[in-house]
1. Condition first: within 14 Å of chain B (Cβ to nearest Cβ), in contact (Cβ under 8 Å) with a residue 40 or more places away in the chain and in a helix (DSSP H, G or I). Can you find one or more residues in the range A:125-136 that meet it?
2. Could you please let me know if A:ALA232 is exposed (fewer than 14 other Cβ atoms within 10 Å of the Cβ), closer than 30 Å to A:GLY173 by Cβ, more than 17 Å from the chain's Cα centre (by Cα) and hydrophobic (A, V, I, L, M, F, W, C)?
3. State which residue is farthest from A:ILE168 (Cα to Cα) when the search covers only the range B:24-33 and only residues that are over 14 Å from the mean Cα position of the chain (by Cα) and without any contact (Cβ under 8 Å) to a residue 24 or more places away in the chain.
4. Would you say A:SER44 is on the phi < 0 side of the Ramachandran plot and surrounded by fewer than 16 Cβ atoms within 10 Å (Cβ to Cβ)?
5. Collect the residues in the range A:13-50 that are more than 14 Å from every other protein chain (Cβ to nearest Cβ), small (Gly, Ala, Ser) and part of a helix (DSSP H, G or I), keeping them in residue-number order.
6. Restricting attention to the range B:14-22, does a residue exist that is within 11 Å of chain A (Cβ to nearest Cβ) and modelled with pLDDT of 95 or more?
7. Search the range A:165-211 for residues being part of a helix (DSSP H, G or I) and among the polar types (S, T, N, Q), and hand back the single one that is surrounded by the most Cβ atoms within 10 Å (Cβ to Cβ).
8. Among what's in the range A:57-67 and is touching a residue at least 12 places away in the same chain (Cβ under 8 Å) and more than 16 Å from the chain's Cα centre (by Cα), pick the residue that is nearest to the other protein chains (Cβ to nearest Cβ).
Amino acid sequence: MSSVTTLKYTLQLADNVLIMGQRLAALCGKGPILEQDIALTNISLDQIGQARSLYQYAATIVNNMSVADKAQLFNAPLLQEKINSKLSITEDDLAYLRDAWDYRNCLLVEQENGDWAYTVARSFFFDRFQYLLYTAMLKSTDSTLAAIAEKSLKEVQYHIKWASEWVIRLGDGTDISKEKMQQALQARWEYTGEMFTMNELEKEAYNIGIGVDVSQLQQTYQQQIETIVQEAGLQMPTAAWMQTGGKNGVHTEHLGYILAEMQYLQRAYPNMEW
Amino acid sequence: MSNEHKEWPLWEVFIRSKAGLDHKHAGSLHAADAQMAIENARDVYTRRMEGISIWVVESKHIHASNPEEADAFFDPAQDKIYRHPTFYNLPDELKHM
């Protein structure tokens, strides 16, 4: 059943970038200044674009499965009903018709935008992870995942630059900006451990050669984060306890609200186009 | 004064659209420093593949001619057609001039 593993693994990758992109998209028109508003929107669109590639691939996998194999893929009744009635599904079905417990994004990306320092801290932690993940995924035996990783890497390089420079700028700025940046790093750090904790799905994906062993990325990640944090004149955040759950479908209260807003139209007016 | 300090300085953006062409003025934007100005320019002016190279100059460093002096500055050139190199007889062998 390696196709189910590939499907679920692809969805987990897609959910991360979709929810991250959706969070940043909420800042469209609300950025602190026009130029940074556009920068955020660009990053958001990059991420939603990556999510689209991944969901398209996932939809293809579902559509190519035998009827028996796809009879019980999702908990979300709307999506499963559509699959069971032998209709082809699309990227949109996967984004709009799955419920929160089907989403496998890490907890970090669903955290609130907060103030500018919080927005920067979340991106800083996530983008750096994405860079290491996609770099390792270039070696995936699944050629589609490897290709998506290659295409996404260029985008992520810029995202890293953007977030890192803001950490340095705020850390190296005024007393207030330094304090706020430090606070945000500290508050978001407890959500970073989950990204490197292998769940069952990731272990299986790694064993069949398509997935990345994220636990191996952690040391490099910490070093790279620390380099920037030091350059910013800030203290490396600490956490006695790392939050986990999102990758197994157990989310913070925030995801439900994100999905409610994102999915409302397709739920209220199925197949609506504009 | 305090308000002026809150605004990020203004920068002029010049974009080279492809190799071999000149950088052309694309517009202006606000940024805290040169690096941010280049990145903002990337995000604001090259989203649709408009460029391969960006220059930014803080607007205060640009010195412009005075529009009020435009008559004295530019009009006298109008009737000096002899400044155009169109009165020379070119040899037939010379092409593409």
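The values are calculated or read from the model by the stated rules, or taken from the named source; none is laboratory data. Quick caveat: nothing in here was measured; it's all calculated off a predicted structure. Every residue, glycine among them, receives a Cβ derived from its backbone with ideal geometry; neighbour counts consider all protein chains shown.
1. no
2. no
3. B:LEU29
4. Taking the combined requirement at face value, the residue does not satisfy it.
5. Correct list: A:ALA14, A:GLY21, A:ALA25.
6. First pass over the range B:14-22, keeping only residues within 11 Å of chain A (Cβ to nearest Cβ): none.
No; the residues of the range B:14-22 include none that is within 11 Å of chain A (Cβ to nearest Cβ) and modelled with pLDDT of 95 or more.
7. A:GLN182
8. A:TYR57
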